[in-house]
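Shown next, in structure tokens, is the structure this report addresses.
The values are calculated or read from the model by the stated rules, or taken from the named source; none is laboratory data. Because the structure is a prediction, the values reported are computed rather than measured. Note that each Cβ is placed from the backbone with ideal geometry, even for glycine, and that neighbours are counted across all protein chains shown.
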Amino acid sequence: MMSEYEVKTNIFLAKTETIFKVVSYQGKVDKWNDLVDKWNVKLVRNGKTWRFPFYMGSGNKGRKPTAYDVLACLTTYDVGTFEDFCSEFGYDVFDDYGKRNYKNYCLYKSVNTEYKHVLDMFGDVIDELCEIN
């Protein structure tokens, strides 16, 4: 039986003519100090294709990600400056030497890149995408 979130996701996919596909399983990888499953997924809409890795935590025990799992995790808003990002998510702006925290800055850049992809694919239906959560 599908949850209400999965139903909303399927309606969103149909309404926006979006195709979701799990492309491949890449195995277990060490991410965020945890052994997680790495999947490659693909979204296709309006002639655009976006392929990217998606990680499922160890609690999922190898379960294949659903469209809801993936879409609900996408960055759907601008996180602002690096300082805004760190403040909102509890990351350190500076390292122990008073320099910009390189690891957190790389994460910030990745989140911004993801947001740009989301806007490219779903900018015209971003509000509907947010509603599936």
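Quick rundown of the values:
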{"read-out": "Residue that is surrounded by the fewest Cβ atoms within 10 Å (Cβ to Cβ) [pool: residues in the stretch 79-94 that are in a helix (DSSP H, G or I) and charged (D, E, K, R)]", "value": "88"}
{"read-out": "Output for the stretch 30-47, where each listed residue is within 17 Å of the chain's Cα centre (by Cα) and either loosely packed, with under 13 Cβ neighbours inside 10 Å or over 23 Å from residue 118 (Cα atoms) (or both)", "value": "32, 36"}
{"read-out": "Where residue 76 falls short, out of the listed (1) part of a loop (DSSP other than H, G, I, E, B); (2) exposed (fewer than 15 other Cβ atoms within 10 Å of the Cβ)", "value": "(2)"}
{"read-out": "Evaluation of residue 45 against (1) touching an Asp or Glu at 6+ places or on another chain (Cβ under 7 Å); (2) modelled with pLDDT under 95 (one fails), failing number", "value": "(2)"}
{"read-out": "Residue match in the stretch 56-67 (condition: over 23 Å from residue 7 (Cα atoms), assigned by TED's automatic domain parsing to the domain that holds residue 5, assigned to a strand (DSSP E or B) and touching a Pro at 6+ places or on another chain (Cβ under 9 Å))", "value": "no"}
{"read-out": "Conditions (1) assigned by TED's automatic domain parsing to the domain that holds residue 7; (2) among the hydroxyl-bearing types (Ser, Thr, Tyr); (3) buried (at least 16 other Cβ atoms within 10 Å of the Cβ): number failed by residue 108", "value": "(1)"}
{"read-out": "Filter pass, residue 17 being under 20 Å from residue 118 (Cα atoms) and among the acidic types (Asp, Glu)", "value": "yes"}
{"read-out": "Every pair of residues 6+ apart whose Cβ atoms lie under 8 Å, when the first sits in the stretch 112-133 and is farther than 25 Å from residue 7 by Cβ while the second is outside any helix (DSSP H, G or I) and among the basic types (Lys, Arg)", "value": "120/48"}
{"read-out": "Residue selected from the stretch 1-36 under the condition of a type in the set (Asp, Glu) and assigned to a helix (DSSP H, G or I), by the criterion farthest from residue 71 (Cα to Cα)", "value": "4"}
{"read-out": "Within the stretch 74-133, considering residues that are under 30 Å from residue 15 (Cα atoms) and of a type in the set (S, T, N, Q), the one nearest to the chain's Cα centre (by Cα)", "value": "75"}
